[in-house]
Amino acid sequence: MADGASNTPSSNAQSSGQSNAMWGGRFAKGPAAIMEEINASIGFDKKLYAQDIAGSKAHATMLAAKGIITEADRDQILKGLDTVLEEIESGRFEFSRKLEDIHMNVEARLAALIGPAAGRLHTARSRNDQVALDFRLWVKAEMEKTAQAIDALILAFLDRAEEHADTVMPGFTHLQTAQPVTFGHHCMAYVEMFARDKARVLHAIEHLDESPIGAAALAGTGFPIDRHMTAAALGFAGPTRNSIDTVSDRDFALEFLSIAAISATHLSRLAEEIVIWSTPQFGFIRLSDAFSTGSSIMPQKKNPDAAELVRAKTGRINGSLIALLTVMKGLPLAYSKDMQEDKEQVFDAAESLELALAAMTGMVRDLTVNADRMRAAAGSGFSTATDLADWLVREAGLPFRDAHHVTGRAVAAAEAKGVALEALSLDELKAIHPDITDAVFSVLSVDASVASRTSFGGTAPAQVRQQIAWWRTRLAG
């Protein structure tokens, strides 16, 4: 997509035997094959056809309302654009590389359908503000889809959290057993993460909710256009306020890619846990055949390929973000052709994120939880040691640092015997500290440990259910 505002494109554009004449007679000869190859964007920007046609219809309607074109021309343009839209959606439209981009392809076909009236459509606009409009509309719609996809994943987690609010499992730090938690509480951690992703999406939609059309090439236009009218017609909150920034800006694309990269990172962390948890060594969960594959040589294998591929998509999405940041970092104002390289990165990242979210939502709903394996693992690694230290502070009046030291000695004693903390006798515990009583055994089980974590946002089942209810109300609102 290149610069070029024009009021009356050449009728030669209708001739399919010529190179692109839409931008006038400045170039007498057609571009060399290599120039056509590097210059054409129709191979990917045809994805913007619906946005391009919607923008042109709003623009034509505004031009007629302001008396810049006649109502008769407007009616021809709108009817012709509807025909072009139908041809594209039915697969009958022939895209031409010689016409470079989606704008020129649509306009050339419109000229073939309705004649000279098509040439008046480009009055008071440029391909610079036109592509900015098309791309914003596409990214806005994509982010609305992303928000819905994140909602579906959050709801899947809320359902699993409610189902397993009491299911005890080990909580980890450094991937080492730390303290008992519930699987419901673990699921709710991902609710928080993906809810932040959704909030970022909604905020980004607010950022881009301004219409670029009417900024023209970079300086605006002398025609008496009504940018507020076109903004309203296209569903924007209003028009952009600086014509130079309007055609220079790709922050909305960068912001989408940034959000996609963060969300993909969350998906990748979850995918890693699914991969680990589904190993025979953990055995916490099992994925059905719908999200697993086998081995071509080892008949016993059941591989969590869907999770692994979600994990891999993160690198692809991160790469798109870095690519566009690199494209934009050295560009002077206003438009440069470098910016043609923005769309493929966004299109690819959007497709990857959409697929990854759908796959993960399916896996969360599909997986089977092995509660017995989780419970057995929850007590490993002396996971209730902190509960012993807390009991010593509450009941024996020890400073926490002293309680920490006493607990460490108890762990060493249990480790030496090869037993769990709760398997130590009262006499053995008293030998470590005389103020320990048999009441201590009420806090050394994993169930007691989990039930005691009643602080706001804690892992106690009652707290988990409270958070689930809060999130359901918030999502419903």
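Brief remarks follow.
- Computed FRET value (nearest 0.05) for A189 with S336, which takes r as the C-beta separation and R₀ as 35 Å: 0.20
- Estimated FRET transfer efficiency when R0 is 35 angstrom, pair T368-A476 (beta carbons, to 0.05): 0.80
- Average accessible surface area per residue within the range 127-376, 1.4 Å rolling probe, Å²: 43
- Length released on extending from T265 to R394, taking residue separation times 0.36 nm less the Cα-Cα span: 42.4 nm
- Cβ-placed point charges (K, R +1; D, E -1), dipole of the range 141-220 about Cα centre in debye, nearest 20: 240
- The aspartates and glutamates within cross-link reach of K198, meaning a Cα-to-Cα straight distance under 16 Å and a gap of 8 or more places when in the same chain, are E142, E144, D151, E206, E255, E354.
- Here the dipole of the chain is about 620 debye; that uses its Cα centre as origin and unit charges on the Cβ of Lys and Arg (positive) and Asp and Glu (negative).
- In this simple spin-label model, placing a label point 7 Å from the Cα along the Cα-to-Cβ direction at both A32 and V419 gives a separation of 8.6 nm.
- Across the options H103, A312, H185, the greatest Cα extent toward the positive end of the charge dipole of the chain (unit charges at beta carbon of Lys, Arg, Asp, Glu) belongs to H103.
- Each Lys and Arg adds +1 at its Cβ and each Asp and Glu adds -1 at its Cβ; summed about the Cα centre, the range 61-173 shows a dipole of about 740 debye.
- Pairwise FRET efficiency - D151 versus E87, Cβ, R0 = 35 Å, nearest 0.05: 0.50
- Gained length - L175 relative to A439, 0.36 nm times residue gap less alpha-carbon distance: 91.9 nm
- Each of H174, H103, H404, H186 has its accessible area taken with a 1.4 Å probe; listed largest first, they run H174, H404, H186, H103.
- Extension reserve of the T454-A290 stretch, reckoned as 0.36 nm per residue once the Cα distance is removed: 55.3 nm
- Expressed as a whole percent, the accessible area of the chain that falls on carbon and sulfur atoms is 54 (1.4 Å probe).
- Peptides 140-151, 246-257 ranked from most to least packed, by the mean per-residue count of other Cβ atoms within 10 Å: 246-257, 140-151.
The values are calculated or read from the model by the stated rules, or taken from the named source; none is laboratory data. Not measured: the values here are computed from a predicted model. No Cβ is skipped: glycine too gets one built from the backbone with ideal geometry, and neighbour counts run over all protein chains shown. The protein model used for the area step is the full one, side chains on, heavy atoms only, and it has no ligands, DNA or RNA in it. Shrake-Rupley method; radii C 1.70, N 1.55, O 1.52, S 1.80 Å.
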